[in-house]
C-alpha cells in the first residue's frame with residue numbers, strides 16, 4: 001500500500017464536458033480559418049499561407065478524431081494519436097517538398113495579404129491556445145491537440161514576420177524560409193506525438209497481460 005503513495009495519477013483523457021466544449025469550439029475555428037487562408041494564400045501567392053491553411057485543415061480533421069475517441073480505451077486513444085502524428089509528418093513532408101519546388105519559381109507573394117490574414121489566423125489560434133491551455137499535459141490524444149494549436153500560433157507569428165520581410169526585401173525567400181521552418185515544426189511535433197502514443201501502447205500491454 002505504501003508504494004501507492006508515489007504513484008502518479010493517470011494523465012487527463014479528455015472525459016469532461018468542459019474539454020468537449022473547448023474542443024468543438026477549436027474545431028469550428030480551424031475549419032473557418034482553413035477556408036480563409038487557402039483562399040488568401042492563392043490570392044497572395046504565398047506558400048507560407050498555404051502551408052498554414054493546410055495545418056488548419058489537418059487540425060480540424062484530427063481534432064474531430066480526438067473528440068470521437070474520448071472515453072474509449074487507452075489503446076484506441078493512443079492509436080488515434082499515432083494516426084495524427086503520422087498525418088502531421090506527411091503534411092510536414094508535403095510542405096517541405098512544395099517549398100523546394102517554389103524555390104525554382106520564386107514569385108514574390110503579396111505581403112499585405114500575408115500580414116492581414118496572418119494576424120487573423122494568429123488571433124484565432126491564440127483563442128484556441130487559451131481554450132486548451134489547462135489540458136496541455138493530458139494523454140497522447142489530448143496532448144496532440146495542444147501541440148497542434150501551439151504550432152499554429154507559432155506558425156502565424158512566423159507568417160507575419162515573413163510578410164514584413166517580403167515587404168522590405170521584395171523577395172520570396174522569407175516566405176519560403178518560413179514555410180520550410182513550419183514543415184520542420186510539423187515533423188518535430190509528429191515525433192513527439194508518435195513517441196508518447198507508442199509509450200502508452202507499451203504501458204497498456206502489461207496491464208492487459210494481467
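The values are calculated or read from the model by the stated rules, or taken from the named source; none is laboratory data. Remember, predicted model here, so these are calculated numbers, not experimental data. Methodologically, a virtual Cβ is constructed for each residue, glycine included, from the backbone with ideal geometry; neighbour enumeration extends over all protein chains shown.
Filtering the range 61-76 to residues that are within 18 Å of the chain's Cα centre (by Cα) and more than 12 Å from residue 15 (Cα to Cα) leaves 61, 62, 63, 64, 65. For the range 62-99, filtering for residues that are part of a helix (DSSP H, G or I), modelled with pLDDT under 80 and out of contact with any helix residue (DSSP H, G or I) (no Cβ under 8 Å at 6 or more places or on another chain) leaves 1. Residues of the range 168-185 that are within 15 Å of residue 47 (Cα to Cα) and in a helix (DSSP H, G or I): 173, 174, 175, 176, 177, 178, 179, 180, 181, 182, 183, 184.
Within the range 53-72, restricting attention to residues that are in contact (Cβ under 8 Å) with a residue 60 or more places away in the chain and over 24 Å from residue 119 (Cα atoms), the residue that is surrounded by the most Cβ atoms within 10 Å (Cβ to Cβ) is 66.
Check the range 129-147 and report whether any residue there is surrounded by 22 or more Cβ atoms within 10 Å (Cβ to Cβ) and within 15 Å of residue 52 (Cβ to Cβ). Checked against the condition, which is being surrounded by 22 or more Cβ atoms within 10 Å (Cβ to Cβ) and within 15 Å of residue 52 (Cβ to Cβ), the range 129-147 yields no hits at all. Quick check: anything in the range 189-204 touching a residue at least 60 places away in the same chain (Cβ under 8 Å), closer than 25 Å to residue 114 by Cα and buried (at least 18 other Cβ atoms within 10 Å of the Cβ)? Yes, because at least one residue in the range 189-204 is touching a residue at least 60 places away in the same chain (Cβ under 8 Å), closer than 25 Å to residue 114 by Cα and buried (at least 18 other Cβ atoms within 10 Å of the Cβ).
Of the residues making up the range 146-162, those that are in contact (Cβ under 8 Å) with a residue 60 or more places away in the chain and farther than 16 Å from residue 25 by Cβ number 6. Checked against (1) part of a helix (DSSP H, G or I); (2) in contact with a helix residue (DSSP H, G or I) (Cβ under 8 Å, 6 or more places away or on another chain), residue 39 passes all but condition (2). For the range 111-122, enumerate the residues that are at pLDDT 70 or above and more than 15 Å from the chain's Cα centre (by Cα). Matches in the range 111-122: 112, 113, 114, 115, 116, 117, 118, 119, 120.
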